[in-house]
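Asker: Submitted below is the structure of interest, expressed as structure tokens.
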Amino acid sequence: MDKERVAEILVEIGTLLELKGENPFKTRAYQNGARIIEGLNEPLQKLVAEERLGELKGIGDALQQKITELVTTGKLKYYDELKASVPAGLVAMLDIPGLGPKKIIALNKHLGVNSVEKLEVACKDGKVAELDGFGEKTQTKLLEGIAHRRLYALRSRLDDALAAAEPVLDSLRQHPDVIRCSTAGSLRRWRETIGDVDFLVSSKQPENIIEYFVAQPGILSVSAKGDTKASVILQGGIQADLRVVSDEEFPFALAYFTGSKEHNIVMRQRAIARGLRLNEYGLFKSKEETRDPKLRVACATEEEIYFALDLAYVPPEMREDHGEFESAEKGKLPKLIEWTDLKGALHNHSTWSDGHNTLEEIAAHMDELGLQYWAVTDHSRASYQAKGLDPERVREQLKAIKQINQKLADDGNDFRLLTGSEVDVLKDKLDFDDDLLAELDVVVASLHVPANNEADNTKRLIRAAENKYVHMLGHLTGRLLLDREPYPVNQEAVIDACAETGTWIELNCNPWRMDLDWRKWFYARSKGVKCVINPDAHRNGDASYLRLGAGVARKAWLTKSDVINTLPLEKLKKELAKKRSK
Ligand code: DGT
Ligand code: CA
Ligand code: CA
Ligand code: ZN
């Protein structure tokens, strides 16, 4: 068991104890213990094996025993029993924003609330507002939180959906009876969250395909199975549909099931305006609904369907009825960015703050991937829970990076690490002074502890953009997809300030964030604001987020020239110098 999981379990034990009303001193010990374990600089396995846990300040006998049991057996009896002793409904309530153990105990004691469902009823009856320490506002927030949770449960993040879908698609591709196959739906359109995965296959032997599909190892259970259709549950509980069609129908079915629904509606209207009918089976020379093959306009590909309706081909990412028809009619669709256009990234972390790879490991890995540069922008000191660096440590890190770059240069290698910081945007200033920021290659400014009102957050971010050393704003809204709503902020006003000051905005492509949202980039681009696609990597594997980010950037209609980190290193350096020289 790795130290992250051990720390998670310790935190959970602390919370469960709190829910049981245990003494706060005891619960705090677990939370502290978790923090100590997470921050260890040597392998936890080794510490346990050498029986040296006791050397850690803050880890008492009871914790030592429990950590040892977890690490050596992968289980903890005490934890299992504790979990079983706390009602599941109370634990589920922890998931609602604004509810901690104390409030949950109060709700339980005074209103008998012991589940999310009962909480909802109590809120709707206005009983929660009457409770000491709750009030009208809290009650409204709790109801909102419950509604959000319910919606979140219906969708999956893009990374999880892709991870579940891609192996299945690869297997389908290998079956000899498969002529063509593709994903469709929101996954093919690179939406940031996915309701269900849609697969489409063309074949002369649909039954063989269905049998083969439902037997795939990535499929947990089969919900429905017909001659040409099946619905299943993939890893992670993600739903998926497979449809098998003839190869003549394939382009039409692909266009139809790729959607979006809004896009399809306009396509259908365009067909009708031309005396034709469009549906999932074909484009037909008919004024009525039909699927008669004799009336079908032959189209071998999706492209040909678009041409038949007097449109340039619209890539799947753009099919959201977001202005694509106007452009496609004029044949003026932008050439969208490709993920292979990306030459590096400008917001990432290392073991110096809360990342998992050392500077050396990062340089070796990103060079291996064929990238040209990778900025290390660890947290600033205010983010103490993420082990933020103080100015002294930042300057030490600068030296360490210079040494690594020197060695790369000596070896004749062109790859470079860039120095930097993800500096916290505080209430009335940035976490670091300008002198320090001026020494760094790359400065990302991020708001990690927002106010709960829009005006304050907007003002803080505008002030950050006005700092001449800040290159870009990080994850502008702070949202966590299917987990946390954005903090209140006037995004347009912040975008305007970025446009005025020459500050870039990040498209944080960590799949939990995808922030700034693709819908907002239409406005940002119209103002001339440049984008940086940043994985916010905390481990080397996170470099793969660049591909997801490019997909979402394509939804935002971004081209290579809109995105700063498509520039080769020398040109990037010139761009990094521009705002500072003003
Ligand atoms: P999701 O699954 O919620 O993330 O979103 P989609 O877009 O994948 O939606 P889904 O799986 O319900 O259906 C796949 C596509 O099929 C959808 O994008 C468009 C098409 N489609 C489904 N139902 C309708 C409909 O009632 N009318 C039209 N025009 N198209 C539909
Ligand atoms: Ca779908
Ligand atoms: Ca579907
Ligand atoms: Zn951040």
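The values are calculated or read from the model by the stated rules, or taken from the named source; none is laboratory data. Here the structure is a predicted model, which means the values were calculated and not measured. Here Cβ is always computed from backbone atoms with ideal geometry, including for glycine, and neighbour counts include all displayed protein chains. To get the accessible areas, we keep the full protein, side chains included, count just its heavy atoms, and leave off ligands, DNA and RNA. Shrake-Rupley method; radii C 1.70, N 1.55, O 1.52, S 1.80 Å.
Asker: Among the residues of region 195-209, write down those that are surrounded by 13 or more Cβ atoms within 10 Å (Cβ to Cβ) and more than 16 Å from ligand 3 (Cβ to nearest atom).
Answerer: Ser202, Ser203, Gln205, Pro206, Glu207, Asn208, Ile209
Asker: While we're here: Could you give every pair whose Cβ atoms fall below 6 Å, whose first residue belongs to region 362-376 and is without any contact (Cβ under 8 Å) to a residue 60 or more places away in the chain, and whose second residue is open to solvent by 10 Å² or more (accessible area, probe 1.4 Å), counting only separations of at least 6 or pairs across chains?
Answerer: Pairs found: Ala363/Ile404.
Asker: Anything in region 246-263 that is open to solvent by 30 Å² or more (accessible area, probe 1.4 Å) and either touching a strand residue (DSSP E or B) at 6+ places or on another chain (Cβ under 9 Å) or in a strand (DSSP E or B) (or both)? List them, or say none.
Answerer: Once the filter is applied, which keeps residues that are open to solvent by 30 Å² or more (accessible area, probe 1.4 Å) and either touching a strand residue (DSSP E or B) at 6+ places or on another chain (Cβ under 9 Å) or in a strand (DSSP E or B) (or both), region 246-263 yields Ser246, Asp247, Glu248, Glu249, Tyr256, Phe257.
Asker: Residues being open to solvent by 10 Å² or more (accessible area, probe 1.4 Å) and either within 16 Å of ligand 3 (Cβ to nearest atom) or farther than 14 Å from Gly541 by Cα (or both): count how many of those fall in region 343-369.
Answerer: 5
Asker: If you don't mind, another one. For Gly145, only one of the following conditions fails: (1) touching an Asp or Glu at 6+ places or on another chain (Cβ under 9 Å); (2) farther than 27 Å from Gly98 by Cα. What is its number?
Answerer: The failed condition is (2).
Asker: OK, next. Kindly list, by first and then second residue, each pair from a residue in region 246-262 that is closer than 12 Å to Arg189 by Cα to a residue that is more than 16 Å from ligand 4 (Cβ to nearest atom) and of a type in the set (Val, Ile, Thr), limited to pairs with Cβ atoms under 7 Å and residues at least 6 apart or on different chains.
Answerer: Correct list of pairs: Ala255/Ile305.
Asker: Something else now. Please verify whether region 155-163 includes one or more residues that are within 11 Å of ligand 2 (Cβ to nearest atom), of a type outside the set (A, V, I, L, M, F, W, C), in contact (Cβ under 8 Å) with a residue 12 or more places away in the chain and open to solvent by 10 Å² or more (accessible area, probe 1.4 Å).
Answerer: Taking every residue of region 155-163 in turn, at least one turns out to be within 11 Å of ligand 2 (Cβ to nearest atom), of a type outside the set (A, V, I, L, M, F, W, C), in contact (Cβ under 8 Å) with a residue 12 or more places away in the chain and open to solvent by 10 Å² or more (accessible area, probe 1.4 Å).
Asker: Exactly one condition in (1) surrounded by fewer than 24 Cβ atoms within 10 Å (Cβ to Cβ); (2) touching a helix residue (DSSP H, G or I) at 6+ places or on another chain (Cβ under 8 Å); (3) not aliphatic (A, V, I, L, M) is false for Asp542; which is it?
Answerer: (2)
Asker: Does at least one position in region 175-188 carry a residue that is part of a helix (DSSP H, G or I), in contact with a helix residue (DSSP H, G or I) (Cβ under 9 Å, 6 or more places away or on another chain), within 16 Å of ligand 3 (Cβ to nearest atom) and charged (D, E, K, R)?
Answerer: Step one: list which residues in region 175-188 are part of a helix (DSSP H, G or I), which gives 185-188.
Okay, now just the ones that are also in contact with a helix residue (DSSP H, G or I) (Cβ under 9 Å, 6 or more places away or on another chain), so 185-188.
Add one more test, that the residue is within 16 Å of ligand 3 (Cβ to nearest atom), and what stays is 185-188.
Add one more test, that the residue is charged (D, E, K, R), and what stays is 188.
Yes - at least one qualifying residue is present in region 175-188.
Asker: Got a sec? Which of Arg270, Arg243, Arg296 is in contact with a Gly (Cβ under 6 Å, 6 or more places away or on another chain) and either more than 18 Å from Lys204 (Cα to Cα) or crowded, with 19+ Cβ neighbours inside 10 Å (or both)?
Answerer: Only one candidate qualifies: Arg296.
Asker: Somewhere in region 193-213, is a residue without any contact (Cβ under 8 Å) to a residue 60 or more places away in the chain, within 30 Å of Leu151 (Cα to Cα), within 16 Å of ligand 1 (Cβ to nearest atom) and in a loop (DSSP other than H, G, I, E, B)?
Answerer: Yes, region 193-213 has at least one match.
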